[in-house]
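Written out below as structure tokens is the structure these notes cover.
The values are calculated or read from the model by the stated rules, or taken from the named source; none is laboratory data. Model, not experiment: these values are computed from the prediction. Here the Cβ positions follow ideal geometry from the backbone for every residue, glycine too, while neighbour counts run over all protein chains shown. Each accessible area value is taken on the protein alone, full model and side chains, heavy atoms only, with ligands, DNA and RNA left out. Shrake-Rupley method; radii C 1.70, N 1.55, O 1.52, S 1.80 Å.
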Amino acid sequence: MKAYEKLLVENKKWAGDKVKEDPHYFDRLEHLQTPEFLWIGCSDSRVPANEITGTQPGEIFVHRNVANLVINNDVNLLSVLDYAVNHLKVKHVIVCGHYGCGGIKSALTNHDFKAVLNMWLRSIKDVYRIHRSELDSITNEDKKTDRLVELNVQEQIFNLAKTSIVQRAWKNEQRPHLHGWVYGLKDGLIKPVCEMNAGTHIDPLYEYDDL
Ligand code: CO
């Protein structure tokens, strides 16, 4: 059996098990998508949103990219955010990074990863620049990377708050609340690192006054 064929075999087994447990499982799911959470996580295969939060299909709307970035002209991310906030009406948006993130480690090097990856990793270097004095003072390389993982999550929370999508929902519906988390590959535990409740004021430069 080829490696990819195993996935299809396992899928059949999984679907069969689900129906055995609950004959109406798929009927219900098909007609129900009311997740309370949008998850913006890293593409890393070791950080599956549902597994690590003990949630089921239907409970979390998920977007993942390298190093869980919120880039203000990323049409993919903004479409997911718009749909989650304005149509699914999620109450919480979670940005979840993880310690040992390859994207963050790569951004800390001066290696040329070629065109597209250089472009993507650039914004992580920008996060470093914003927090340069704190990060420069950490001499242990692993600790420095871990702290950049946390600060990166925090910056992505700010980036969410800078969007008119979030600001309009804050003004009209007092949601969503924003949560910055970091997952530990070593112990499987999630550490909350920052939080922003709906309506929090940010740097006025980024606040729209005619939403
Ligand atoms: Co990662």
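Checking each residue in region 104-122 for being under 18 Å from the mean Cα position of the chain (by Cα) and either outside any helix (DSSP H, G or I) or closer than 22 Å to Pro192 by Cα (or both) picks out Ile104, Lys105. Within region 66-83, being in contact (Cβ under 8 Å) with a residue 60 or more places away in the chain and either open to solvent by 10 Å² or more (accessible area, probe 1.4 Å) or away from the ligand (no atom under 12 Å from the Cβ) (or both) holds for Val70, Ile71, Asn72, Leu78, Leu81, Asp82. The requirement of being within 17 Å of the chain's Cα centre (by Cα) and either exposed (fewer than 13 other Cβ atoms within 10 Å of the Cβ) or in a loop (DSSP other than H, G, I, E, B) (or both) is fulfilled nowhere in region 199-210; no residue meets it.
Residues checked against (1) more than 21 Å from His92 (Cα to Cα); (2) surrounded by fewer than 11 Cβ atoms within 10 Å (Cβ to Cβ):
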| position | (1), (2) |
| --- | --- |
| Lys6 | yes, yes |
| Lys12 | yes, yes |
| Gln33 | no, no |
| Glu36 | no, no |
| Ile40 | no, no |
| Glu51 | no, yes |
| Gly58 | no, no |
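Among the helices (runs of 4 or more DSSP H) confined to region 124-193, the ones with at least 3 residues that are open to solvent by less than 50 Å² (accessible area, probe 1.4 Å) are located at 141-161, 164-173.
One residue stands out among those in region 123-162 that are among the β-branched types (Val, Ile, Thr) and over 15 Å from the mean Cα position of the chain (by Cα): the one that is nearest to Val95 (Cα to Cα), which is Val127. Among the residues of region 29-62, those that are within 16 Å of the ligand (Cβ to nearest atom) and either outside the structural domain of Gln156 (by TED's automatic domain parsing) or closer than 17 Å to His177 by Cα (or both) comprise Trp39, Ile40, Gly41, Val62. For region 97-115, taking the residues that are at negative phi and more than 10 Å from the ligand (Cβ to nearest atom), the one that is most open to solvent (accessible area, probe 1.4 Å) is identified as Asn110.
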